[in-house]
Amino acid sequence: MAQKRELWKTHWGMILAMIGTEVGLGNIWRFPYLVGKYGGGVFLIPYIILLLGVAVFAVIAEWVLGRHTRRDPLGAFEKIKFPFGRDIGAWGVIGPFFLFSYYIVITGWVIFFVIASFGRLYFGQDSEQFFLSFLSSPWIFAVHALAIFITSSILALGVQKGIERACKIMIPTLFLLLIIVVIRSVTLPGARLGIEFYMRPRWEGLLNPETWIAALGQVFFTLSLGMGAMLIYGSYLRDEWGIPANALACTLGNTSSSILAGFAIFPAAFALGFGTLVSGSESIGLTFFVLPRVFEKMPAGWLFGGLFFILLSFGALSSAISIQEPSIAWLKEELGWKRKKSALITGIIVWLLGLPFLLNGFIPGGLGKKLALLGKMDIIIGQLALPLFGLVSVIAVGHFMRKKGYQEINKNAKHKIGAWIMPWIRWVVPVFVLLLFFLSLIKVLQDLGKIPQIIPTVSMPEFSPVGITASTIVMMVTICTIIWGGFIFMTHRVIAVEKEKRKGRVG
Amino acid sequence: MKLSFLASPKFGWIFVWTEIVLIYLAFLWFHRIAQRKRKAK
């Protein structure tokens, strides 16, 4: 029954697969919006503090739990003898599967917009009306099935030949396309205004509690924590790879894509006269209503629009495969099914689960009505269940693995972490994750009108008179440090491996 | 029951919660059977 467990083949492939999990729609359509809204460049301060102080440790915890147990999420919780391990671990399989059921619907939309951009389908049309009519067209079924077919096919090929190989193509291409779109965006006449909006620090943003809440939510979701994805990908890590430095490298790689995305969106939007519209739009509105209008007006917009949606679909697909993988791993390891059969069955089930979301689009009315079911599922799964599972994963490592957990963290690590990490994972990280859960709960209840407004909304003043040159330098240094740090780390790692190989040969 | 009930928020919540609970329970049941089979072997 027991099948030989696959592991990542190469270090570079593992890094790209992990970045693939983390880089998703949230990086491209949410992070730039949050930066623009909450104080411009200063948003990076709470973001990086929470990223390096809390979220990286949660990533480390999930990797440790995965690698130590070498099991699917359910099996991992059972193996460490976590109380109610089976019932709680089941959420590590079922939670991501529900998430996958609607995430893949949105991935389908993105794929449609690749076709729509190259075919100039939205050119000369009202973008909002175009999107609404798309939701009630046969296209929606075709792209949904296509997206599931792509992810299931990749997963059917296995960890090395499927996930790793696909990410080796998708993630470098994503970064390359992002850089091409950024260059086009920042070289448009009038792009300076967009850069100013995006990066000009408005220091008062730091005093706004909403900024910190938004940063906490973003760091947690952008790293795919609590989705079982990090846990299952962590279980494929080789023993010879140190966890802390790799977790940091992946996290910084993810952050650099988020920052770049803002440079792709805002300069173009402001240059082409959609500044106010873009700065006030979030998520779906920004991506499917506003950006098509920007690309329509841009010289060779069909090409840059197409490239932008290709990179967005790569980000979405690489994340989607990571949230389909826990259920496939469970079928393989607990039921002894073959990978191909598991991929096929999960593909069919998720297609069926997605149908209500698609049919919902045929209900007459606005976007709120057409996306009602999808929104409700996101509230339960994305905003409430996943933070809770993330919390449980951290508690599992901090309280139930203790010494074993600490040994696993530093196993074969070149840069070892001191014993302080365990109390940090045991007490500090859970407090922040719990805080995130309660804040999400309050926000959900507020939005549903069940409770009065508790979290204060502080309106941000207009641009303060801070020199654009100084602020741009500060932000560019931050970005360069992140990108440079990531590359140096990876090069260092490659050189170190080469040296080890040479030593081995000489020895 | 009016057909418009299917488009109401109330039905949406009932549908989503039912789906989540039923699939979760079915999953646990399926897992238990798998474990029993494994132990029997």
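Its convex hull of Cα atoms gives the range A:220-321 a direction-averaged projected area, equal to a quarter of the hull surface, of 7.7 nm².
Could you tell me the ratio Rg/Rh of the range A:163-217? Both radii from Cα atoms, Rh via Kirkwood. It would help to have the intermediate numbers written out before the result.
Numbers: Rg = 16.9 Å, Rh = 14.4 Å.
Dividing the radius of gyration by the Kirkwood radius yields 1.17.
If the only charges are +1 at each Lys and Arg Cβ and -1 at each Asp and Glu Cβ, what is the size of the charge dipole of chain B around the Cα centre, to the nearest 20 debye? Working shown, then result.
On the way: 8 positive and 1 negative charges, 98 e Å.
For chain B, the charge dipole is close to 480 debye.
Going down the table (A:K4/A:K81; A:K340/A:K376; A:K4/B:K37; A:K81/A:K332), which pairs top 26 Å between alpha carbons? Check vs 26 Å cut-off fails for A:K340/A:K376.
Just to verify a number: FRET efficiency for A:S133 and A:K340, C-beta to C-beta distance, R0 = 41 Å, to 0.05? Once the sixth-power term is evaluated, E becomes 0.65.
Comparing Cα centroids, the range A:343-404 and the range A:417-432 end up 28 angstrom apart.
Spatially, the range A:1-55 and the range A:142-203 are offset by 13 Å when compared through their Cα centroids.
Placing +1 on the Cβ of every Lys and Arg and -1 on the Cβ of every Asp and Glu, with nothing else charged, gives chain A a dipole about its Cα centre of roughly 1740 debye. The residue among A:I243, A:L374, A:S133 whose Cα reaches farthest toward the positive pole of the charge dipole of chain A, with charges on the beta-carbon of Lys, Arg, Asp and Glu, is A:I243. Since only A:I409, A:S152, A:L312 are under comparison, the one whose Cα sits farthest along the positive direction of the charge dipole of the protein assembly as shown, derived from C-beta charges on Lys, Arg, Asp and Glu, is A:I409.
Calculated FRET efficiency, A:I48 to A:L445, Cβ-Cβ distance, R0 = 35 Å: about 0.70 to the nearest 0.05.
Farthest toward the positive end of the dipole of the range A:37-131, out of A:I88, A:I115, A:F98, is the Cα of A:I88, where the dipole comes from beta carbon charges about the Cα centre.
Using only atoms on other chains, find how many Cβ atoms lie within 10 Å of each Cβ of peptide B:31-41 and report the average.
Details: counts 11, 1, 1, 8, 4, 0, 3, 5, 0, 0, 2.
Whole-number average of other-chain Cβ neighbours for B:31-41 is 3.
Are there any helices in chain A, counted as whole DSSP H runs, that stretch 18 Å or more along their axis by Cα and score at least 1.6 on average by Kyte-Doolittle, and if so which? Can you show the working numbers first?
On the way: long enough: A:56-69 (20 Å, 1.01); A:91-118 (40 Å, 1.86); A:139-156 (25 Å, 2.01); A:165-186 (32 Å, 1.97); A:209-222 (20 Å, 0.74); A:243-271 (43 Å, 1.22); A:301-334 (49 Å, 0.90); A:339-360 (32 Å, 1.11); A:386-400 (20 Å, 1.97); A:429-447 (27 Å, 2.06); A:468-506 (55 Å, 0.72).
Sorted by number, the helices that extend far enough and score high enough are A:91-118, A:139-156, A:165-186, A:386-400, A:429-447.
Peptides A:46-56, A:90-100, A:408-418 ranked from most to least packed give A:90-100, A:46-56, A:408-418, packing being the mean of other C-beta atoms within 10 angstrom over each peptide's residues. Our note on the geometry: Cα centres of chain B and the range A:223-276, 33 Å apart.
Within a straight-line Cα-Cα reach of under 23 Å, A:K370 can be paired with the following lysines, leaving aside sequence neighbours fewer than 8 residues apart in one chain: A:K443, A:K450, B:K2, B:K10.
Compared with the dominant Cα axis of chain B, that is its longest principal axis, helix B:9-40 is turned about 10°.
Compared with the rule-of-thumb size 2.2 N^0.38 Å for a compact globular protein, the range A:36-90 has a Cα radius of gyration ratio of 1.64. Stokes-Einstein, applied to the Kirkwood radius of the range A:108-209 over Cα pairs at a viscosity of 1.567 mPa s and 4 °C, places its translational diffusion at 74 µm² s⁻¹.
Thinking of chain A as a set of Cα atoms, what percent of all their pairs are more than 33 Å apart?
Pairs farther apart than 33 Å: 37 percent.
Rule-based calculations on the coordinates, nothing more; no lab input. Being a predicted model, the structure only gives us computed values, none of them experimental. Quick reminder, even Gly has a Cβ in these numbers, built from the backbone with ideal geometry, and neighbours come from all protein chains shown.
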